[in-house]
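All remarks here apply to the structure that follows.
The values are calculated or read from the model by the stated rules, or taken from the named source; none is laboratory data. Note that this is a predicted model, so its numbers are computed, not measured. Ideal geometry is used to build each Cβ from the backbone, glycine not excepted, and the neighbour counts take in all protein chains shown. To get the accessible areas, we keep the full protein, side chains included, count just its heavy atoms, and leave off ligands, DNA and RNA. Shrake-Rupley method; radii C 1.70, N 1.55, O 1.52, S 1.80 Å.
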Amino acid sequence: MTLELVPGRESTGRSVDTVMGIAKDAFADGRVSAVSITDNPGGNPSLSPDAIGYRIFSIGMDVIVHFTCRDMNRVGMESRALQLAMMGMKNILALTGDYSGKGFGGQGAPVFDIDSVNLHIMLNLIGKRINAAGDPDSFFSGGAVSPFKRTEGECVAQYAKMSRKVAAGAQFLITQLGYDARKFQELIGIQRHMGIDVPTLGSVYVLSPHAARIMNQGRVPGAVVTDDLLHSVEKEWKDKQEGRKFAIERAARLGAVLKGLGYRGIHIGGIHRDFATVGKILDRMEQIGDDWQQWLPRFNYPQSNGFYAFRETPPETASKTTLGLAPRPLPVVDRILYPLMKVSHNLFFDFDSFLAPLYKAICSALDGNIAGSLFLRLIEHPIKRMLLGCRQCGDCAIQHVGFLCPEWGCPKHTRNGACGGSRDGMCEVHPDRPCVWFRAHNRLAAKGEIKQMCEGCVPPRMWELDETSSWINFHLGRDHQSSGNEIAGFCRKATCRLLVEE
Ligand code: SF4
């Protein structure tokens, strides 16, 4: 059992006392293994999870610190990781993070210097350094995963990224919030199918009508509350006291169902006032115990035309997934551009090609002089800008994203897979634009190539190459693909079992 707590925007006073009070009672109760503390949820400023987490840790309660990629660059993140290690808080929930919200004077600058897969690798490598320096305990990092996406493309993007997170060192997973038991079962089935065996905690939430409404509107990235469920919650809360009872009962029933389905833990959220509610949920879960099956049909809130990765339920009886079976008509632009980009890439950017030595010689001649700078400004950049919306990062990653640019196409610059915030195939940040990973999936799936989404992993962008020629950098072995650094080595070793039956 883990319990998610949300610090407020004050450093002292009621909000701090409430969080501390819940944590103290949880510790005294003894049934909660750890409390997890959110990191500026919704991208809005709040008390640091490191500070309040340390106070909680000092009373003896184990703490999971949420660690997002939104507010700091890799230098700050590494420093923060060292600080947490020194404080003894090494349970980390590594997250991409919601997009930046409003703080002092307006919206904050989104950083997203590295993504959550690279954060796992960073924690893994720092852990090794910590061990070498004499501390036997490394970080214990976990990640988030959502089976609750409505489209196949988003589901594949989630499962492929889950595989990369595990390859990068994630040792536990926590699901996003949803109320469709078939989807919860799907995740367990997909993990089995992909050979992933890390403890996974299912999320349950004490659903008030206010929370249900904002989740239904898609304002909590990744959480899914369907119209049907919202109507039920609103009906239940006509009488406030009855509503609260229903909310506790629903959380307990879902917790019991998830345990029955094989989830190794339950992650409880939506606790804002006191521990008593958690106590009631846990008591009721114990009471339900092995009778969980009777409540399974109650968690039947499918999204309209929602995708399921298995035809049969439970998925243990399915020998095959449904992934990659649906016809996939691509927009004309994708139908033309994808093969064009792929052929050009194979022709010009293949170290094994017989032309590679020639390209290297040309790039060496252009490197660092006026001819090279004219080549970048008059040839490379205009072409890439027109075809890809290129931002001239100098460390091109289009080949990892179905030949789409993650710098232009993804506001969080993800290079290893989708964040959890997409909805119906559209981007969390720009709901009028498709998520770049949804498009990448559709391009790759049309050619039977979705395996690429989970194979290996992609090191972070090398900022030292900003505004330089990515073509020259590639051929001169300077970018993330040829760099012999530890991260690239880590990524090359990462493997993924096929998502699609061949
Ligand atoms: S493009 Fe996709 S991965 Fe990037 S921020 Fe939008 S939803 Fe998230």
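Quick notes
- Residue match in the stretch 450-468 (condition: open to solvent by 10 Å² or more (accessible area, probe 1.4 Å), small (Gly, Ala, Ser) and either within 17 Å of residue 345 (Cβ to Cβ) or within 16 Å of the ligand (Cβ to nearest atom) (or both)): yes
- Near pairs, Cβ below 8 angstrom, 6+ apart or cross-chain, from the stretch 13-28 (small (Gly, Ala, Ser)) to any residue that is in a helix (DSSP H, G or I) and open to solvent by 10 Å² or more (accessible area, probe 1.4 Å): none
- Checking residue 445 against (1) part of a loop (DSSP other than H, G, I, E, B); (2) among the small types (Gly, Ala, Ser); (3) on the phi < 0 side of the Ramachandran plot, the condition it does not meet: (1)
- For the stretch 161-189, a residue qualifies if it is modelled with pLDDT under 95 and aliphatic (A, V, I, L, M), and the qualifying residues are 166, 167, 168.
- For the stretch 400-417, taking the residues that are open to solvent by less than 10 Å² (accessible area, probe 1.4 Å) and either touching a Gly at 6+ places or on another chain (Cβ under 6 Å) or more than 25 Å from residue 101 (Cβ to Cβ) (or both), the one that is nearest to the ligand (Cβ to nearest atom) is identified as 401.
- Hits in the stretch 103-154 - residues which are under 22 Å from residue 423 (Cα atoms) and in a strand (DSSP E or B): 143, 144, 145
- Helices (runs of 4 or more DSSP H) enclosed by the stretch 203-284 - at least 3 residues per element that are over 27 Å from the mean Cα position of the chain (by Cα) and buried (at least 16 other Cβ atoms within 10 Å of the Cβ): 227-236, 240-261
- Residue, nearest to residue 38 (Cα to Cα), within the stretch 62-76, restricted to residues that are aliphatic (A, V, I, L, M) and surrounded by fewer than 23 Cβ atoms within 10 Å (Cβ to Cβ): 72
- Annotation: residue 316 fulfils all but one of (1) among the charged types (D, E, K, R); (2) in contact with a helix residue (DSSP H, G or I) (Cβ under 8 Å, 6 or more places away or on another chain); (3) farther than 30 Å from residue 189 by Cβ; the unmet one is (3).
- Filtering 433, 391 for residues that are without any contact (Cβ under 8 Å) to a residue 60 or more places away in the chain, open to solvent by 20 Å² or more (accessible area, probe 1.4 Å) and within 9 Å of the ligand (Cβ to nearest atom) leaves a single hit, 433.
- For residue 114, the conditions (1) crowded, with 24+ Cβ neighbours inside 10 Å; (2) out of contact with any strand residue (DSSP E or B) (no Cβ under 6 Å at 6 or more places or on another chain); (3) more than 24 Å from residue 457 (Cα to Cα) all hold with the exception of (3).
- No other residue among 235, 183 is in contact (Cβ under 8 Å) with a residue 24 or more places away in the chain and among the charged types (D, E, K, R) apart from 183.
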